[in-house]
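Take a look at the structure below.
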Amino acid sequence: MDKRPASHWRGTQGNKGAGRPRDAYRILAAVTLSGVIFAIDSLTSLRSAVAVLYVVVIVLAADVGKRSSIIIASAGCAALTIGSYAYVHGLDGEDQALLRFLFSLAANAVITVLLLRRRSDLQMVEAQARLLEVTSDAIFVRDAEGRIIFWNTGAETLFGWPAEEALGLKAEEILDVTFPASRSKAEAELDERGQWEGECRIRARDGRHVDVSTRWFAEQGLRDYSRVVLEASVDITARKASEAALKASETRYRTIFETLAVAILEHDFSAVKADLTALRQQGIGNLRRYLAEHPEFVRAAREKVRITDVNPAAAKMVGATSKSEFFERLDDFLSDDNRSFANCLIALDEGQPFYQAEAVVRSLDGGTVPVIVLLTFPRGEEGFDRVLGSIVDISERLRFQEALDASRSELENASRAAMIGEISASIAHEVNQPLAAIMTFVQAAQRWLNREDPDLDEAKFALNEAVNATEHASAVVRRVRMLLGKAKSQDSEVAFDDVINDAVRAKESELSDNDVAVKLDLKTDGIQINGDRILLQQAFMNIIVNAIQAMEATPADRRSLTISASADGSALCVRFSDSGPGLSEGTSAEGLFKAFQTTKPNGMGLGLAMCRSIATAHNGKISIGNRDDGPGAVIELRLPHTQTRSAEAGPDAGKQ
Ligand code: ADP
């Protein structure tokens, strides 16, 4: 049997057209009934208030649904009542008849008022029902038996069931709902509190699953007085999917965080970010200068950064057995000075995505660990409460580097010693031969002259040979000097800028280890030298090392080496100006270029001699002196250049 209700809210509008013939029947019935009542009232001698039956006519007219039909029916019935009374009783009706007449009119008036009020109530309910209809939420109403008596467009869209099919069916038959707990628990709560809410998964008609946030409200029914339940559901499928994606990505992140061998820390920089923003609002333009002048700001900022989480690798690095033992504040964790942290604040303020630096951090046993830190800053204004930092322990690398440096300097010393040995042996060997020859020839000359009959020709010959041997000896000495300068052997066209840059690069780590700030001011782009690249590089490196050593006693923040180079038509001039003590008074600048001239306890005194040999071998000149613009020494090298790479210079430009 079809148990669908004959009418329902959704159907009211749809039945409007179909209701017209039925309205016509109602009107016909009302008119006929009023005629019958009028006839009985006027033509019979029944002594009762027959006219009260007119209320049935008014009720019939009210069913048409129009306000005017109630008013017309009510007025018509009143007129018929009055007409009938006048016809039967005239003007002098007995008291009882008058009473019945008035009673009928009163009944007419009361029913009219009630029907008009009911009609406006119904209109309001219908307006509310229409509101439910247009909302995008899926709303349906089920009666006490669970049959659907209202089903809005939102429910049609979300669950895929058209209202025509859903109405009258049981909600739980057409909707396969997965409850957070169970349906019976939800129903029990509805019984108890009159409402229930929760997140459910519903299988729509086409089999797709939709996640919904649902609310149930129990209400008294409109037509009968049994309970109805309104179910309102909001589609949260997309929200659920993005929540699930977020959760998956958080889980992935957590897995990486917890298992990566690299130490990772989460910091809360939000207070520091707020302080920096406040500084900007106060009109501080040059943050770098402000931080240099206000170290207390940097220290306070350091104290405000909290370490909110660390991974097991980070805990292990500081010797902690669990995360909870880790330092809570960055200030406690960092052991070195504020310089690198000030740079970190500048990077953060400038909105840079990363900040990388070398730093020294503390371990729990009171020791320190040299590390490379990489902080990743969020873009925009949000997320500074979760700034990620990865830390790599570089103690091994530094140990390796130190060992490498030590062995390199040992090797350099050894090769210097070997070189000296070689030079000494070569001098001894080369000079010994001519000396022995001189001795032999001079003794021979003596013998020829000491004869009773001196042989002057033989003596002359021997002395000539002695002179030759002497010349040979001085040639040997010249060769040895050439050897010191490694006489130019690999001559070719070399780009001056490349040579100087290579030399600086080779000494880069020594320069930075000694906090020497290097400034290169080269106006020699394209300038070429005809010479030995290795020897020239060796000379520049010697000068750089001398400058580093000279500045050892200079405060670290004032150590600087400026290398400036320029060229004129024929020669280039390169100047190395340091900020060391310069040459002490009375020092002979020329003397420093002599071999074995040194003022250092472990010096060899060969560096500048070698530089001069190399300069001379390249037809150049070298000089040393004190700077005239402040403390420090300046070494100037003038070298002839051949041609430039640029088109302006001709092929022979500057050739000497
Ligand atoms: P070494 O470096 O072994 O002493 P060098 O021939 O390179 O030998 O240097 C000779 C001397 O010249 C040094 O001992 C030092 O007194 C002086 N000298 C060289 N360069 C500088 C410099 N930049 N500033 C001051 N003195 C220097």
- Task: Name all residues of the stretch 29-61 having a backbone nitrogen under 15 Å from the label point set 7 Å from the Cα of residue 94 along its Cα→Cβ direction, giving them as ranges.
- Result: 45-49
- Query: Between residue 405 and residue 208, what FRET efficiency follows from the Cβ-Cβ distance if R0 is 60 Å, with the result rounded to 0.05?
  - Reply: 0.30
- Query: By how many degrees, 0 to 90 and rounded to 10, does the Cα axis of helix 295-304 deviate from the longest principal axis of the chain?
  - Reply: 50 degrees
- Here, residue 116 and residue 82, labelled 7 Å along Cα→Cβ, have an inter-label distance in nm of 1.6 nm
- Message: Please compute, for the alpha-carbon atoms of the stretch 138-217, the extent along each of the three principal axes and give them in descending order in Å.
- Response: 32, 25, 18
- Query: Any idea of the accessible area per residue across the chain, 1.4 Å probe, to the nearest Å²?
  - Reply: 58 Å²
- With a ≥ b ≥ c the root eigenvalues of the C-alpha gyration tensor of the chain, is it rounded (a/c under 1.5), prolate (a/b larger than b/c) or oblate? prolate
- Note on the structure: Expressed in square angstrom to the nearest 10, the accessible area of residue 349 with a 1.4 Å probe stands at 30 Å²
- Cα-based Debye curve of the stretch 171-280 sampled at q = 0.16 Å⁻¹ gives log₁₀ I(q)/I(0) of -0.86
- Task: Would you grab the residues whose amide H sits under 5 Å from the one on residue 329? Only those 5+ places off in sequence or on another chain, please, with H modelled 1.01 Å from N.
- Result: 307
- For helix 496-506, what angle does its Cα long axis make with the longest principal axis of the chain, in degrees from 0 to 90 and rounded to 10? 80 degrees
- Past the 30 Å Cα-Cα mark, which pairs from 273/323; 240/316; 523/621; 519/600; 304/507? 240/316; 304/507
- With no solvent and one equal point scatterer per Cα, compute the Debye intensity ratio I(q)/I(0) for the stretch 535-627 at 0.16, 0.17, 0.25 Å⁻¹ and report its log10, rounded to two decimals. -0.70, -0.79, -1.56
- Task: Please determine, in degrees from 0 to 90 and to the nearest 10, the orientation of helix 67-89 with respect to the longest principal axis defined by the Cα atoms of the chain, where the helix direction is its Cα long axis.
- Result: 10 degrees
- Message: Can you tell me the length gained on complete extension of the stretch residue 174 to residue 230, counting 0.36 nm per residue apart and subtracting the Cα distance?
- Response: 18.5 nm
- Tabulate in residue order the Karplus-calculated ³J(HN,Hα) for the stretch 351-366, using 6.51 cos²θ - 1.76 cosθ + 1.60 with θ = phi - 60°, rounded to whole Hz; enter x for Gly and Pro. x, 6, x, 9, 9, 10, 7, 8, 8, 10, 10, 8, 10, 5, 7, x
- Protection proxy ranking of 607-620, 308-321 - average other beta-carbon atoms within 10 Å, highest first: 607-620, 308-321
- Query: Quick one: putting +1 on the C-beta of Lys and Arg, -1 on the C-beta of Asp and Glu, what dipole do you get for the chain around its Cα centre, in Debye to the nearest 20?
  - Reply: 2360 debye
- Note on the structure: Quick calc, residue 181 & residue 364: beta-carbon distance into FRET formula, R0 56 Å, rounding 0.05, result 0.70
- Task: Could you order 641, 89 so the one with the most accessible surface comes first? Probe is 1.4 Å.
- Result: 89, 641
- Packing-based ranking, highest mean first, of 169-182, 138-151, 274-287 given that Cβ atoms within 10 Å are counted: 138-151, 169-182, 274-287
- Label-point separation (nm) for residue 253 and residue 451, each offset 7 Å from Cα along Cα-to-Cβ? 11.0 nm
- Item | Convex hull volume per residue for the stretch 437-578, taking Cα atoms only, in Å³ | 163 Å³
- In square nanometres and to one decimal, what's the mean projected area of the convex hull around the Cα atoms of the stretch 31-101? 4.4 nm²
- Query: How would you rank 25-37, 49-61, highest first, on the average number of other Cβ atoms within 10 Å across their residues?
  - Reply: 49-61, 25-37
- Query: Expressed as a whole percentage, what fraction of the accessible surface of the chain belongs to carbon and sulfur atoms when a 1.4 Å probe is rolled over the protein heavy atoms?
  - Reply: 55 percent
- Could you give the size of the charge dipole of the stretch 260-419 about its Cα centre, using +1 on the Cβ of each K and R and -1 on the Cβ of each D and E, expressed in debye and rounded to the nearest 20? 220 debye
- Message: Along the charge dipole of the chain, pointing to its positive end and built from +1/-1 on Cβ of Lys, Arg, Asp and Glu, which listed residue (553, 354, 57) has its Cα farthest out?
- Response: 57
- Taking the dipole of the chain about the Cα centre (Lys, Arg +1; Asp, Glu -1; charges at Cβ), the one of 626, 446, 312 that reaches farthest to the positive side is 312
- Note on the structure: In deg cm²/dmol, rounded to the nearest 500, the helical mean residue ellipticity at 222 nm of the chain, built from -39500 (n - 2.57) for every DSSP H run of length 4 or more, is -16500 deg cm²/dmol
- Task: With θ set to phi - 60°, apply the Karplus curve 6.51 cos²θ - 1.76 cosθ + 1.60 along the stretch 624-637 and write out the HN-Hα couplings as whole Hz, x wherever there is a Gly or Pro.
- Result: 10, x, 9, 5, 9, 10, x, x, x, 9, 10, 10, 10, 10
- Give the Rg (one decimal place) followed by the Dmax (whole number) of the stretch 142-187, computed from C-alpha coordinates and expressed in Å. 11.1, 31
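The values are calculated or read from the model by the stated rules, or taken from the named source; none is laboratory data. The shown structure was predicted, so the numbers you read here are calculated from the model rather than taken from an experiment. Cβ coordinates were reconstructed from backbone atoms using ideal geometry, including for glycine residues, and neighbour counts include every protein chain displayed. The protein model used for the area step is the full one, side chains on, heavy atoms only, and it has no ligands, DNA or RNA in it. Shrake-Rupley method; radii C 1.70, N 1.55, O 1.52, S 1.80 Å.
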